[in-house]
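A.B. asks: Structure below; questions to follow.
Bear in mind these aren't lab numbers, they're just calculated from the coordinates by the rules spelled out. Computed from a prediction, not measured in an experiment: that's the story for all the values here. Here the Cβ positions follow ideal geometry from the backbone for every residue, glycine too, while neighbour counts run over all protein chains shown.
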Amino acid sequence: MTLTATIEGIGFWAPGLPGWDAARAFACEGRLPEGAPARPSPQLLPPNERRRAPDTVAVALDVALAACAMAQRDARTLPSVFASMHGDLAITDYMCATLASDPAAVSPIRFHNSVHNAAAGYWTIGAGAMAPATAISAFDATFAQGLLEAVAQLAAGAEAVLLVGYDSASTGPLAQVSASQGLLGGALVLSRRDDGLRLALALADGEADPSAGPLARHAAGNAMAPMLPLFDALAAGHAGCRLKAGPGRILQVDLTND
Amino acid sequence: MTAPAVQPAPPPMTPLAIRAFTATSALGRGLAAHREALAARRSGLRRNDFGPQPLETWIGRVDGVEDAPLPADWGRWECRNNRLAWLALQQDGVLDAVRDAVARHGAERVALVIGTSTSSIGATEEAYTRLQPGDDGAQRFPADLDRSIVHTPHSLGDFVQQTTGARGPCVTVATACSSSAKVFAQAARLIEAGVVDAALVGGVDTLCGSVLFGFNSLQLVSKNRCTPFDAGRDGLSLGEAGGFALLERARDGEPGLQLRGYGESSDAHHMSAPHPEGLGAQLAMREALARGGVAPEQVDYLNLHGTATPANDRAESLAVAALFPDTLHASSTKAYTGHTLGAAGIVESVIALLALQTGRLPGTLGATTPDPACGPQIRFDDAQREARYAMNNSFGFGGNNCSLLFARA
């Protein structure tokens, strides 16, 4: 089994690295930009909603829009795959704390924002995209399974697809069992074109690459860190990487550029 | 109004055989319990008796989950949601069928694609009611719930992987109430792309405070038994359920039940309210039919999402009327099981498959007064007829829609 796709667009956000250009400069030259914002401001949302959006929604929409812009693809036309290990941990903490103290006080907005596909929902609404959107989790194999689903969508007939990986910081007592620090997002627009920067996927037994690259070390504490070997490989122009795809399983990603 | 994005016609899909399937819900454990309850028009709903401060409403609760702990080897995954998964997996030969697929194809060639909305968040909720101060003074989970895997959405997929031994892609799909319909689409793609030869799909959701008080906060919960498509409907009844199906490529000319099409779309409208004309629902149904090469007039039965909220049922009936002739038999079975959220896709697919097997097409239990806004396709009474094609609609928060097309070959 080998599946292939062309990478048309890349989006990235991590604390101190508010975009793919900044991430590449950091990975190649060790340079952190000055004055990086503490939180992404997703331009897809109306101004009054940008601050109110949950962190996971803010980062997912920011990197998704950046990847679509780089790909010069109309966001309305793209099916999308949203991959997050935990969803919004701060909202889970809020829901469980409120249910334990005063269940009737649960906020209706926080409740509908608690669904795992909240970012996917805000994305399709903001972009005006009636194309399909999905939201998945596969523990520490979440990004690899999202990448596999995105490329399987191309194999099943989609012209291009958006993949977004993201996780947020855990808060409250939940942080002891679901440790995740900072905010992290990465997005790819993948297509059936057969030129440019290409990736080929293969599942195999094995262990994923250790988190040795500069981006992997920079955001090591985030639950979506298992995606970072791919972004490190893309930044450094390496030939590929091995992503965790399940217990004892890897997704081998080979990168070529022509 | 946003015009629907023009979608190119999807390529036809290879028919997938449904080798085994099952559901466990408030109607009981397994297919026989569901067949019998549907034939007797017997609701599984009861007055809410879940949790320490039960809201005034009706629920579809699965009996006996409290008395069915997981086998000791799987203690790490212990929680209500995985208990229900385990109960459901043991019915109707599904577990044997997936283990047989592992033996025939190899463990790496069998995928697990499982849907849920809230997974085992009930365990996290419980931990927050029993927090204990640690040595550092910070509030900590009690020792029996200090297990990371049950506090994350993939708790369900990971547990199913333990029970089956499959080593192909293992994914938890969590798109709210469309979750366990979308698993069929994702599994079909994995088989189509040659990644695997078989896939166990399904979904499990259990009652918990998050959904009872959350849906209540949105004023979407009825105080009474839900009455889908009735003129006086005033909200949903929540439920819990689990179900599974094993999919493999169908052999040429092979008789039996098949998945023939799937359609997915987004409303691009609102986080918790459907598009008023059901445009996203229409797109999903059209795509499912197109993938299967089946015309709307060929469809014998459609199991509706039909939650019994005023907005959903109106929008869905408009979408159905825009697409299907008056002769379609469409119904909601939510008053049998309650709205089982992330499990609704699989449970109602199972009901559609039973309709293909028996020719008994369920009516809309609970509804007595037709809503003039809903078209003639919406049936309150049961019907008996030879059925070749059946569909199932599942729609979720975020405007996430999925429609499935099944056939009896």
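A.B. asks: Return the ratio Rg/(2.2 N^0.38 Å) for the stretch A:159-219, where Rg is computed over Cα atoms only. Could the numbers behind the result be given before it?
C.D. replies: On the way: Rg = 16.1 Å, N = 61, 2.2 N^0.38 = 10.5 Å.
Rg over 2.2 N^0.38 Å, computed on Cα atoms: 1.53.
A.B. asks: Take the stretch B:74-138, compute every pairwise Cα distance, and split them into 5 Å bins from 0; I just need the percent in each bin.
C.D. replies: 4, 12, 15, 18, 17, 12, 7, 6, 5, 4, 1
A.B. asks: Out of every Cα pair in the stretch B:73-203, what percent are spaced more than 27 Å from each other?
C.D. replies: Numbers: 2133 of 8515 pairs.
Summing the P(r) of the stretch B:73-203 above 27 Å gives 25 percent of all pairs.
A.B. asks: For B:178-187, what's the mean count of beta carbons from other chains sitting within 10 Å of each residue's beta carbon?
C.D. replies: Values: counts 4, 6, 0, 0, 6, 1, 0, 5, 9, 1.
Partner Cβ neighbours, averaged per residue: 3.
A.B. asks: Mind checking which of B:Phe159, B:Thr309, B:Val98 is farthest towards the positive end of the protein assembly as shown's charge dipole, using Cβ charges of +1 (Lys, Arg) and -1 (Asp, Glu) about the Cα centre?
C.D. replies: With unit charges placed on the Cβ atoms, the residue in question is B:Thr309.
A.B. asks: For A:Asn257 and A:Arg51, calculate 0.36 nm times their separation in residues minus their Cα-Cα distance, and state this gained length in nm to one decimal. Each step should come with its number before you reach the end.
C.D. replies: Details: separation 206, 0.36 × 206 = 74.16 nm, distance 3.87 nm.
Contour length minus the Cα-Cα distance gives 70.3 nm.
A.B. asks: In debye, nearest 20, what is the charge dipole magnitude of the stretch A:3-257 about its Cα centre with +1 on Lys and Arg Cβ and -1 on Asp and Glu Cβ, if you could check?
C.D. replies: Roughly 280 debye, rounded to the nearest 20.
A.B. asks: Could you check which residue among A:Glu149, A:Glu159, A:Glu34 shows the biggest mean-square fluctuation in a GNM of chain A with a 10 Å Cα cutoff?
C.D. replies: A:Glu34
A.B. asks: Now for a separate question. Compare the peptides A:21-32, B:78-89, B:343-354 by average per-residue count of other Cβ atoms within 10 angstrom and give them in order, highest first. Each step should come with its number before you reach the end.
C.D. replies: Working: A:21-32: 15.8, B:78-89: 25.0, B:343-354: 29.9.
Result, highest mean Cβ count within 10 Å first: B:343-354, B:78-89, A:21-32.
A.B. asks: Now a separate question. Under the 0.36 nm per residue contour assumption, what length would be gained going from the current alpha-carbon distance of A:Leu197 and A:Ala36 to full extension? Please list the in-between numbers first.
C.D. replies: Details: separation 161, 0.36 × 161 = 57.96 nm, distance 2.83 nm.
So the chain would gain 55.1 nm between A:Leu197 and A:Ala36.
A.B. asks: Averaged over its residues, how many other protein chain Cβ atoms are within 10 Å of peptide B:157-165's Cβ atoms?
C.D. replies: Mean partner shielding for this stretch: 2.
A.B. asks: Given R₀ = 22 Å, FRET efficiency for A:Cys28-A:Ala212 by Cβ-Cβ distance, to 0.05? Walk me through the numbers on the way to the answer.
C.D. replies: Values: r = 15 Å, r/R0 = 0.69.
So the FRET efficiency works out to roughly 0.90.
A.B. asks: Do the sum for chain B: with -39,500 (n - 2.57) for every DSSP H run of n ≥ 4, divided by all residues, what is the mean residue ellipticity at 222 nm, to the nearest 500 deg cm²/dmol? Can you show the working numbers first?
C.D. replies: Values: 11 runs with 120 residues, N = 409.
Helices in chain B give a 222 nm mean residue ellipticity of -9000 deg cm²/dmol.
A.B. asks: Modelling each spin label as a point 7 Å along the Cα-to-Cβ direction, I'd like the B:Arg104/B:Ala68 distance in nm, to one decimal.
C.D. replies: Using points 7 Å along Cα→Cβ, the separation is 2.6 nm.
A.B. asks: OK, next. For the stretch A:1-97, build the convex hull from the C-alpha positions and give me its volume per residue in Å³.
C.D. replies: So the per-residue hull volume is 167 Å³.
A.B. asks: Regarding the protein assembly as shown, what's the average projected area of the Cα-atom convex hull, expressed in nm²? Numbers along the way, then the final one.
C.D. replies: Numbers: hull surface 106.9 nm².
That works out to 26.7 nm².
A.B. asks: Okay, next question. Using every Cα-Cα pair within the stretch A:3-257, state what percent have a distance larger than 32 Å. Walk me through the intermediate numbers first.
C.D. replies: On the way: 5355 of 32385 pairs.
Counting pairs separated by more than 32 Å, the tail of P(r) holds 17 percent.
A.B. asks: Now a separate question. Kindly write out, for the stretch B:54-63 in residue order, the coupling ³J(HN,Hα) from the Karplus curve 6.51 cos²θ - 1.76 cosθ + 1.60 (θ = phi - 60°), rounded to whole Hz, with x marking Gly and Pro.
C.D. replies: These are the phi-based 3J(HN,Hα) values: x, 5, 7, 6, 10, 9, x, 9, 7, 5 Hz.
A.B. asks: Over the stretch B:201-308, how many percent of alpha carbon pairs lie in each 5 Å bin up to the one with the longest distance?
C.D. replies: Reading upward from the zero bin: 2, 9, 13, 16, 20, 18, 11, 7, 3, 1, 0.
A.B. asks: Let me ask you something else. Provide the packing ranking of B:293-300, A:7-14, i.e. peptides ordered by the mean count of other C-beta atoms within 10 Å per residue, highest first.
C.D. replies: Top to bottom by mean Cβ count within 10 Å: A:7-14, B:293-300.
A.B. asks: Using R₀ = 25 Å, calculate the FRET efficiency as 1/(1 + (r/R₀)^6) where r is the Cβ-Cβ separation of B:Asp326 and B:Thr369; round to 0.05.
C.D. replies: On the way: r = 20 Å, r/R0 = 0.78.
The formula returns an efficiency of 0.80 here.
A.B. asks: Rg and Dmax of the stretch A:191-258, Cα atoms, in Å?
C.D. replies: 12.3, 36
A.B. asks: Ok, one more. Which lysines does A:Lys244 reach when only Cα atoms under 30 Å apart count, and residues fewer than 8 places away in its own chain are ignored?
C.D. replies: Counting by Cα, and skipping residues close in sequence, A:Lys244 has these lysines nearby: B:Lys182.
A.B. asks: For the stretch B:262-409, what class follows from the C-alpha gyration tensor (a ≥ b ≥ c being the square roots of its eigenvalues): rounded when a/c is under 1.5, otherwise prolate if a/b is larger than b/c, else oblate? Intermediate values should be presented prior to the final figure.
C.D. replies: Details: a/c = 1.41, a/b = 1.19, b/c = 1.19.
It is rounded, given that a/c, with a ≥ b ≥ c, falls under 1.5.
A.B. asks: Right, next: Considering the dipole of the protein assembly as shown built from charges on the beta carbon (Lys and Arg +1, Asp and Glu -1) around the Cα centre, which of A:Leu203, A:Leu45, B:Ser332 is farthest to its positive end?
C.D. replies: B:Ser332
A.B. asks: Let me ask another. Viscosity 1.567 mPa s, temperature 4 °C: what is the translational diffusion coefficient of chain B from Stokes-Einstein with a Kirkwood Rh over Cα pairs, rounded to a whole number of µm²/s?
C.D. replies: Working: Rh = 21.0 Å.
The estimated diffusion coefficient comes to 62 µm²/s.
A.B. asks: Still on this structure, please answer the following. Using a Förster radius of 25 Å, what is the FRET efficiency between A:Thr171 and B:Gln219 based on their Cβ-Cβ separation? Nearest 0.05, please. Let's see the in-between values first.
C.D. replies: Numbers: r = 28 Å, r/R0 = 1.13.
Result of the calculation: an efficiency of 0.35.
A.B. asks: Across peptide A:199-210, what mean number of C-beta atoms from other chains lies inside 10 Å of a residue's C-beta? Write down the numbers at each step before the final one.
C.D. replies: Working: counts 0, 0, 2, 1, 6, 1, 2, 0, 0, 0, 0, 0.
If you average over the peptide's residues, the count of other-chain Cβ atoms is 1.
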